[in-house]
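Here is the structure we will look at.
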Amino acid sequence: MSEKKGFFGRLKSGLSKTRDSFVSGMNAVFSGFSEIDDDFYEELEEQLVMADIGMETTTRIIEDLQEKVKEQKIKEASLCRELLKDSIKEQMRVEEDAYDFENKKSVVLFIGVNGVGKTTSVGKLSHQLKDSGKKVLLAAADTFRAGAIDQLKEPRRCRDYRRTGRGRSCLHRL
């Protein structure tokens with residue numbers, strides 16, 4: 001019988017799935033191209049978008065990479081892997097107080113590939129914050145799975161649930 005994982009164990013497992021999916025997609029791009037051309041950049045862009053990085057951030061990463069490749073006169077795709085990592089790190093860099101949301105009004109955004117436990121984590125975090133006396137407002141905008149709204153209701157078993165909005169977007173006030 002397998003041991004039941006705790007919240008952080010499941011979170012770590014879910015993040016591992018996200019990372020593994022992203023890394024395998026990037027490996028496929030770098031192994032599939034020997035030279036840097038428009039098709040190479042298109043494939044990189046597709047992998048970044050599929051990883052839910054977002055179009056604006058993806059565009060900044062690709063433009064930064066293109067600039068560095070041009071400056072350093074790199075011709076081979078395999079040689080720009082580290083440049084891509086640096087570009088991603090630059091876009092993902094956060095300030096020292098980025099996670100200081102416990103004592104002020106904040107927005108927490110969960111992103112990740114399908115099946116990694118984002119919705120479950122949101123439900124559990126909102127319940128934990130509510131239990132510690134915080135006011136929580138959840139906004140769901142799941143373009144692929146309308147069931148996320150019902151899934152958020154279930155783990156909270158919240159009596160003061162209120163839904164506003166229509167379709168696949170709604171707000172929950174705890």
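The values are calculated or read from the model by the stated rules, or taken from the named source; none is laboratory data. The structure displayed is predicted, hence computed values, not measured ones. Because the Cβ atoms are built from the backbone with ideal geometry, glycine has one as well, and the counts that use them run over all protein chains shown.
Return the only residue of A148, A141, A98 being over 22 Å from M26 (Cβ atoms), modelled with pLDDT under 80, within 18 Å of the chain's Cα centre (by Cα) and surrounded by 13 or more Cβ atoms within 10 Å (Cβ to Cβ).
A148
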When you scan region 12-50, how many residues do you find that are basic (K, R), in contact (Cβ under 8 Å) with a residue 12 or more places away in the chain and exposed (fewer than 14 other Cβ atoms within 10 Å of the Cβ)? 0
Just the residues that are of a type in the set (A, V, I, L, M) and surrounded by fewer than 18 Cβ atoms within 10 Å (Cβ to Cβ), please, taken from region 51-66. M55, I62
Matching residues in region 38-64 - criterion: being among the hydroxyl-bearing types (S, T, Y) and more than 19 Å from N114 (Cβ to Cβ): Y41, T57, T59
Looking only at region 63-89, how many residues end up being under 17 Å from N27 (Cα atoms) and not hydrophobic (A, V, I, L, M, F, W, C)? 7
Residue count, region 17-65, condition among the small types (G, A, S), more than 19 Å from A77 (Cβ to Cβ) and assigned to a helix (DSSP H, G or I), comes to 1
Return yes or no: is G9 assigned to a helix (DSSP H, G or I), of a type in the set (G, A, S), in contact (Cβ under 8 Å) with a residue 12 or more places away in the chain and within 30 Å of L125 (Cα to Cα)? no
Considering residues that are surrounded by fewer than 16 Cβ atoms within 10 Å (Cβ to Cβ), of a type outside the set (G, A, S) and farther than 11 Å from F7 by Cβ, the number found within region 114-128 is 1
